[in-house]
Amino acid sequence: MKKRVYITTPIYYPSAKLHIGHAYCTTLCDVFARYKRLMGYEVFFLTGSDEHGEKIESKAKEANKTSQQFVDEIVVGFKELWDALKITNNDFIRTTEQRHIKAVSYVFSKLLQKGDIYLGNYEGWYCVPCESFWTETQTGDDHLCPDCHRPVEKKSEESYFFNTNKYLPALMKHFDENPAFLTPISRKNEMINTFIKPGLADLAVSRTSFSWGVPVKEKPGHVVYVWIDALVNYISALGYPDENAEKFKKFWNDKNTEIIHVCGADITRFHALYWPLFLLGLDLRLPDRVFVHGLLMMKDGKMSKSKGNVIDPFPLIERYGVDAVRYYLARETVFGSDGTFTPEQFIERVNVDLANDYGNLLHRTISMIIKYFDGIIPTYQGQVTSFDNELEELALSTIKEYREQFDELEITEAFISVFKLVSATNKYIDNTEPWNLAKNGETKALASAMNHLANNLYIAAVLLSPVLVETTKKLFTQLGIEEKFLSIEYLNKYGVIGGQKVSKGIPLFPRLKPEDEIEYIKNLMS
Ligand code: ME8
């Protein structure tokens, strides 16, 4: 078992404010990072901003700002969003920082010296928003970008090229030997069929038509292609090119560290093909996993400013709380599949899972413990009824299943498992009928029921703590559980909770009125 994890999000373009799609990726990575920390791993979790390139340069011009001023302002908003979402990144890398620029220059020079990069001339169709060149066949008769479907422009310029075919056999070997390297499997097939089989062209890795980038020091007038620049963030943040830097040694070079890159389906080829090829050129180790998540759409298709269907996460967090937003993102769309954001589903998730199933279970449990046991959780007495037996078995198997799922980045599935446990615990109240046990003076069974309810709530709370970052503390407070119990250590054995004094608090998640809230969210789309 590896005891260290390095997890990264894509570094987003500060060309506009971030939307719910970006929040989706970063939140899911944060949930994973928190899970691993809960399991005792040492985690390094990185996010950042990809600040160079033609698109940013032209946006800044439009706004009458220098490129640096422009990105500085937008990046403030990135950091505010991550604060609001309680993202626990260990570092935030900006590609305009000196530490990064130094690494990009080094990488370019090294690949040039090795002969992996050569000077040539590029002619092709260029998509400015995607910063990508395409061939005649790829853009079709209408000359549209095959990725974003916007018009491309014909361009010819002197350019450096990266010799992709030099390391392709080694990369293919890596794919074959490491089935988990690129998942979900559909993404691997897509890469092989769309890019490898037709033949991977050499990649243009410098530009001369604009200047907002890392200069190629060997050739004035050239700047390093934004994708080399961007991908290098994953190592520059660790101190590369200083291979003796503490973080680099620990989180990249040490084979005991599991390196996981998470990215959206729109940028798979950069992470699964070009990045590993560059790393092979640099004689560096390849990541263990590239996990590709799906894209969130809106009902009317792709999110876009021009369609006016973009959702800003801030007002959602303000109105419904950070945990509701985080939970919705983690639970609604299976991590790895595409999804659709709808206000209706958002409200339903919060109401059904969080307010009804989870919040209500806590509320009912606390009320009964106050009523029947003066607010003190009875201690664990083993399995008194057959319902106790069943519930304990389910709790223990849920913990196991949850861990297996989480380790495979099946984050949504892991939370589905926890909510099955929550539902079964609600059902346990119906089965044991504590009010009848009280009426009939069956104190031992009643005490056991209260203890099982408290223990199951506790287990669910620990398992949900990577996503419900505020609620877990509230639940602990209401059940009188000390903070030190927020640890996986105590979950090995059933029945650790007992003897605490509970207290009634405000509901964890107030029930929302669907019509009003759906209207409210619809009005947020802009
Ligand atoms: O591509 N649904 O930056 P970017 C889900 N700078 N996730 C979405 C999404 C949506 N609708 N829209 C965006 C870049 N994302 C480069 C990355 S990395 C070395 C350089 C998420 O600002 C998703 O993770 O366009 C996607 O891959 C990423 O944002 C693209 O962000």
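The values are calculated or read from the model by the stated rules, or taken from the named source; none is laboratory data. Since we're looking at a predicted model, the values are computed, not measured. Heads up, the Cβs are rebuilt from the backbone with ideal geometry, glycines too, and the neighbour counts pull from every protein chain shown.
Among the residues of this structure, THR412 counts as one that is within 30 Å of ALA180 (Cβ to Cβ) and either modelled with pLDDT under 95 or of a type in the set (Ser, Thr, Tyr) (or both). Confirm whether THR385 is modelled with pLDDT of 95 or more and either farther than 22 Å from ASN492 by Cβ or in contact with a Cys (Cβ under 9 Å, 6 or more places away or on another chain) (or both). Against the criterion (modelled with pLDDT of 95 or more and either farther than 22 Å from ASN492 by Cβ or in contact with a Cys (Cβ under 9 Å, 6 or more places away or on another chain) (or both)), THR385 does not qualify. The selection criterion, being of a type outside the set (S, T, N, Q), in a helix (DSSP H, G or I) and surrounded by 15 or more Cβ atoms within 10 Å (Cβ to Cβ), holds for LEU421. Just to be sure before I move on: is ASN165 loosely packed, with under 15 Cβ neighbours inside 10 Å and touching an Asp or Glu at 6+ places or on another chain (Cβ under 8 Å) in the structure I sent? Judged against the criteria, ASN165 is a match. Would you pick out the residues in segment 177-215 that are in a strand (DSSP E or B) and either under 27 Å from the mean Cα position of the chain (by Cα) or on the phi > 0 side of the Ramachandran plot (or both)? Within segment 177-215, LEU182, THR183 qualify.
Residues of segment 431-480 that are out of contact with any Phe, Trp or Tyr (no Cβ under 8 Å at 6 or more places or on another chain), under 15 Å from GLY359 (Cβ atoms) and not in a helix (DSSP H, G or I): GLU470 alone.
Taking the stated definitions as given, is ASP338 more than 13 Å from the ligand (Cβ to nearest atom) and surrounded by fewer than 19 Cβ atoms within 10 Å (Cβ to Cβ)? In short, no.
Against the condition among the polar types (S, T, N, Q), within 30 Å of ILE521 (Cα to Cα), within 16 Å of the ligand (Cβ to nearest atom) and touching a residue at least 60 places away in the same chain (Cβ under 8 Å), how does THR9 come out, does it pass? Taking the combined requirement at face value, the residue satisfies it. Set side by side, the residues ILE56, ILE93 differ, and just one is closer than 28 Å to VAL205 by Cα and touching an Asp or Glu at 6+ places or on another chain (Cβ under 9 Å), which is ILE56.
Restricting attention to segment 216-247, the residues that are within 22 Å of HIS271 (Cα to Cα) and over 29 Å from the mean Cα position of the chain (by Cα) add up to 1. Taking the condition crowded, with 18+ Cβ neighbours inside 10 Å, among the aliphatic types (A, V, I, L, M) and out of contact with any Pro (no Cβ under 6 Å at 6 or more places or on another chain), does VAL467 pass? The answer is yes for VAL467. When restricted to residues that are crowded, with 19+ Cβ neighbours inside 10 Å and within 14 Å of the ligand (Cβ to nearest atom), segment 311-324 contains 2.
Across segment 286-303, the qualifying residues are those that are more than 9 Å from the ligand (Cβ to nearest atom) and part of a loop (DSSP other than H, G, I, E, B), and the one among them that is farthest from GLU519 (Cα to Cα) is LEU286. Does TYR428 satisfy the condition of being in a helix (DSSP H, G or I) and touching a His at 6+ places or on another chain (Cβ under 8 Å)? Yes.
Looking only at residues of segment 223-263 that are in a loop (DSSP other than H, G, I, E, B) and in contact with an Asp or Glu (Cβ under 8 Å, 6 or more places away or on another chain), we find that the one that is farthest from the ligand (Cβ to nearest atom) is GLY239. Of all residues assigned to segment 350-366, none qualifies as being within 15 Å of the ligand (Cβ to nearest atom) and either free of Cβ contacts under 8 Å to residues at least 60 places away in the same chain or in a loop (DSSP other than H, G, I, E, B) (or both). Given the criteria assigned to a helix (DSSP H, G or I), closer than 21 Å to THR26 by Cβ and of a type in the set (D, E, K, R), does ARG331 qualify? It is true that ARG331 is assigned to a helix (DSSP H, G or I), closer than 21 Å to THR26 by Cβ and of a type in the set (D, E, K, R).
Somewhere in segment 326-338, is a residue among the acidic types (Asp, Glu) and closer than 20 Å to GLY264 by Cβ? Checked segment 326-338: at least one residue is among the acidic types (Asp, Glu) and closer than 20 Å to GLY264 by Cβ. For segment 489-504, the tally of residues that are free of Cβ contacts under 8 Å to residues at least 40 places away in the same chain and part of a loop (DSSP other than H, G, I, E, B) stands at 1.
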